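J.: Structure provided below as structure tokens; questions to follow.
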Amino acid sequence: RSLRPAQVSAPLALQPSPASPDGGTKRPGLRALKKMGLTEDEDVRAMLRGSRLCKIRSRTWHKERLYRLQEDGLSVWFQRRIPRAPSQHIFFVQHIEAVREGHQSEGLRRYGGAFAPARCLTIAFKGRRKNLDLAAPTAEEAQRWVRGLAKLRARLDAMSQRERLDHWIHSYLHRADSNQDSKMSFKEIKSLLRMVNVDMNDMYAYRLFKECDHSNNERLEGAEIEEFLRRLLKRPELEEIFSRYSGEDRVLSAPELLEFLEDQGEDGATLARAQQLIQTYELNETAKQHELMTLDGFMMYLLSPEGAALDMAHTCVFQDMGQPLAHYFISSSHNTYLTDSQIGGPSSTEAYVRAFAQGCRCVELDCWEGPGGEPVIYHGHTLTSKILFRDVIQAVRDHAFVLSPYPVILSLENHCGLEQQAAMARHLRTILGDMLVMQALDSQNPEELPSPEKLKGRVLVKGKKLPAAHMEDGRILSDREEEEEEEEEGEEAAEVAEQRRKAKQISPELSALAVYCWATRLRTLNPGPGPPQPYQVSSLSERKAKKFIREAGNSFVRHNARQLTRVYPLGLRMNSANYNPQEMWNSGCQLVALNFQTPGYEMDLNEGRFLINGRCGYVLKPACLRQPDTTFDPECPGPPRTTLTVQVLTAQQLPKLNAEKPSSIVDPLVRVEIHGVPTDCARKETSYVLNNGFNPLWGQTLQFQLRAPELVLVRFVVEDYDTTSPNDFVGQFTLPLNSLKQGYRHIHLLSKDGASLSPATLFVHIHIQRS
């Protein structure tokens with residue numbers, strides 16, 4: 001089967017192409033939308049014509065800009081006041097997190113009052129890109145964009161990897177066709193090759209060109225172009241694997257496919273399963289009728305989610321959700337309100353919405369006295385902006401359970417006096433209503449915490465508890481996280497002392513809401529003589545947590561098997577940098593809080609840890625971290641029990657790092673990192689391939705010995721090798737070892753911000769030997 005023509009994507013010029021009177025465009029790129037089944041859709045046609053939408057950034061900054069869907073159906077071009085590089089004039093549909101109608105963003109609630117809600121929409125992006133708040137000339141035009149983007153996103157989600165690749169290559173083909181005559185000269189073919197990140201030898205490229213130029217006129221057109229693309233996209237390594245199982249007839253029968261599945265180590269490999277895969281992925285109807293799989297069908301299967309490195313069975317909630325909360329790792333955010341650094345960055349309710357969209361289940365609220373009796377949230381004693389406590393609680397109500405039904409913990413760092421604490425309690429009760437846990441669940445065993453299953457759809461408050469009600473020695477509990485750090489630094493200004501005095505007063509109304517999460521200082525790891533206190537939650541700085549791990553490894557693990565521990569970054573990390581969360585998970589700490597707004601390997605590990613179990617924000621800890629009498633110590637995990645062997649074979653369609661510079665082509669290398677207990681941590685890398693990000697070949701084997709495999713995260717990283725400076729990041733993917741499938745697998749790479757780099761993949765062979 002030849003790749004069907006898709007001729008996608010208008011050139012990324014600074015001006016969009018003119019629309020023809022019937023609402024189509026003059027460019028052939030529309031064939032891509034036809035394949036998506038959307039050319040006749042009225043909303044999409046309106047988006048292709050373009051709309052003048054008002055971009056809203058502040059009370060006074062309202063600017064009309066032209067927005068227009070590109071003909072690839074995958075990107076939107078927009079006008080800028082000062083023209084920039086072409087790549088700065090588009091955004092991609094696959095990078096959209098959500099489209100909200102009306103005044104459903106902080107920006108529009110604050111600054112959109114002059115525009116009727118029916119005319120407004122917000123486009124929220126994955127990663128760190130700011131929201132796009134827009135007002136259309138009419139409500140109907142706003143609805144066209146809301147509906148149209150929803151259809152495009154749904155179609156994109158439904159596209160197979162092969163279709164995405166088809167789209168991708170044809171979009172570049174269309175851009176390389178400089179005179180838009182649907183014919184490709186050798187010069188245009190060379191331009192195409194540079195665009196797709198390959199520096200092919202001129203003689204080899206010309207030979208390939210001439211082999212396809214059957215009309216012998218130094219131009220490729222129609223079927224000649226398709227043949228060239230088919231040769232360019234050949235996967236010799238897949239063909240070799242296919243022929244190994246298919247034999248001379250070059251098709252796989254169901255029994256031959258079953259043999260491949262068994263060699264892959266697939267669970268549930270049966271003849272019926274092989275037949276089902278043929279029906280799902282084979283493209284040739286005749287082959288399908290005869291229960292045969294061609295090379296194309298085989299490639300479709302290996303590029304699908306079922307052929308990926310991540311076990312598909314782990315992408316939905318598959319773990320036991322009926323155990324006590326302390327038995328789970330819980331996705332947790334530090335200084336959730338910040339969108340940038342903790343010194344002068346803006347605070348925003350949007351940061352909470354974004355954290356929930358990333359699967360976060362424990363968010364922090366840094367509460368201070370505000371004007372007019374209304375508590376505010378910001379990073380105290382800094383230049384960060386302030387937001388109302390009330391607005392944050394509304395954001396929790398509206399967004400906390402969109403992606404996950406499991407409980408959310410509000411970690412209150414309280415610096416307010418009694419009056420504003422009472423106001424906080426009132427807002428929590430009135431805004432959250434029945435969502436808020438205000439008393440212990442019926443039939444709850446007081447010796448242990450309830451389960452995520454029993455707390456579905458509920459919000460827990462982590463805060464101070466009045467000592468008289470629950471503490472015999474009358475101590476005042478404090479959850480003031482940075483108290484210890486600031487004492488060490490000797491900061492005792494009058495204002496700080498006054499805030500501390502207020503923070504040590506506990507309002508009965510707020511105290512009553514701390515039902516299952518009583519904030520308390522962890523002074524010793526030895527449980528007292530009385531009954532267990534599962535409801536006590538300790539907050540430790542990363543420094544204090546590391547001290548416990550180092551000096552009392554097993555005791556700390558046992559403590560965390562009974563009750564919750566929250567770990568947070570040192571206050572000294574002014575740029576909101578993160579620490580390595582793996583150290584804390586090794587000891588069973590549940591609430592390992594990171595700055596979600598700061599990308600880096602630490603957030604990659606967090607994404608990888610919570611990638612599984614339906615991305616619900618709760619992951620069951622290994623048995624060695626849940627048993628009350630466990631002997632596990634992360635510093636002394638015992639002898640090696642598992643060998644992981646990764647054969648790095650090839651990569652496909654790696655992104656260009658400098659889209660504006662045609663001659664800039666990556667020299668990729670692959671590094672495999674092991675993150676686990678200290679003795680398991682390792683990193684090994686391949687050599688680099690010169691000037692080829694399109695289809696580099698390595699064929700190199702990396703091997704790791706593992707002592708605590710149940711805690712291991714495997715991070716695959718692709719970098720652009722540089723002899724004179726640090727390598728540049730290209731893409732990565734992180735997942736738990738226990739969710740890594742064996743055999744030949746594609747790894748679908750992600751950007752620094754966690755967005756898909758589709759169609760970029762790594763092709764590897766995985767072997768896990770357990771002793």
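Read-outs throughout are calculated quantities, based only on the coordinates presented, and are distinct from any laboratory measurement. From a predicted model like this one, the values you see are computed outputs, not experimental measurements. Ideal geometry is used to build each Cβ from the backbone, glycine not excepted, and the neighbour counts take in all protein chains shown.
J.: Compute the distance in nm between two label points, each set 7 Å from the Cα along the Cα-to-Cβ direction, one at Arg550 and one at Asn658.
T.: 4.3
J.: Tally Lys and Arg at +1 and Asp and Glu at -1 over the other residues with C-beta under 12 Å from the C-beta of Asn216: what net charge comes out?
T.: Once positives and negatives cancel, what remains is -2.
J.: Local charge sum around Thr336 (other residues, Cβ-Cβ under 10 Å, Lys/Arg +1, Asp/Glu -1)?
T.: Overall, the nearby charge balance is -1.
J.: Related question: Compute the orientation-averaged projected area for region 124-199 from the convex hull of its Cα atoms and round it to one decimal in nm².
T.: 8.2
J.: If you don't mind, there's one more thing I want to ask. Given the rule -39500 (n - 2.57) for each run of at least 4 DSSP H residues, summed and divided by the residues of the chain, what is its mean residue ellipticity at 222 nm, to the nearest 500 deg cm²/dmol?
T.: -8500 deg cm²/dmol
J.: What share of Cα pairs, in percent, lie more than 21 angstrom apart in region 522-628? Please list the in-between numbers first.
T.: Numbers: 2085 of 5671 pairs.
The share of Cα pairs beyond 21 Å in region 522-628 comes to 37 percent.
J.: So, one more: So what does log10 I(q)/I(0) come out to for region 711-771 at q = 0.15, 0.16, 0.25 Å⁻¹, using the Debye formula with one equal point on every Cα and no solvent?
T.: -0.54, -0.60, -1.10
J.: Restricting to Cα pairs below 8 Å that are 6+ residues apart, what does the relative contact order work out to for region 609-760? Please round to a whole percent.
T.: 24 percent.
J.: Could you compute the net charge surrounding Pro736? Neighbours are other residues with a C-beta less than 9 Å from the C-beta of Pro736; K and R count +1, D and E count -1.
T.: 0
J.: On average over all directions, what projected area in square nanometres does region 612-771 have, based on the convex hull of its Cα atoms?
T.: 11.0
J.: Could you please state, rounded to a whole Å, how far the C-alpha centre of region 629-697 is from the C-alpha centre of region 252-278?
T.: 29
J.: Say the cut-off is 18 Å between C-alpha atoms; which of Lys190/Lys210; Lys661/Lys752; Lys465/Lys547; Lys55/Lys130 go over it?
T.: Violating the 18 Å Cα-Cα cut-off are Lys661/Lys752; Lys465/Lys547.
J.: I'm spelling it out carefully: the read-out is Rg and Dmax of the Cα atoms in Å, the candidates are (i) 34.7, 114; (ii) 28.3, 94; (iii) 25.5, 84, and one was derived from this structure. Which label?
T.: (ii)
J.: Over the Cα atoms of region 169-295, compute the convex hull volume and normalise it per residue, giving Å³. It would help to have the intermediate numbers written out before the result.
T.: Details: hull volume 19.3 nm³, N = 127.
Dividing the Cα hull volume of region 169-295 by its residues yields 152 Å³.
J.: Report P(r) for region 43-121: all Cα-Cα distances, bin width 10 Å, range 0 to the bin holding the largest distance, values in whole percent.
T.: Here the calculated profile for region 43-121 is 16, 45, 36, 3.
J.: Separate question: Calculate how many DSSP beta bridges within the chain are antiparallel, expressed in % of all such bridges and rounded to the nearest 5. Please report the intermediate quantities before stating the final value.
T.: Details: 84 of 110 bridges.
The antiparallel fraction comes to roughly 75 percent.
J.: Another question, if that's okay. Starting from the 7 Å offset along Cα-to-Cβ, what nm value, one decimal, do you get for the label separation of Asp249 and Glu101?
T.: Taking the simple label geometry, Asp249 and Glu101 are separated by 5.5 nm.
J.: Next up: Quick check on packing: order 162-173, 87-98 by the mean number of other C-beta atoms within 10 Å, highest mean leading. Don't skip to the answer; put the middle values down first.
T.: Numbers: 162-173: 21.6, 87-98: 17.1.
With the highest mean Cβ count within 10 Å placed first, the list reads 162-173, 87-98.
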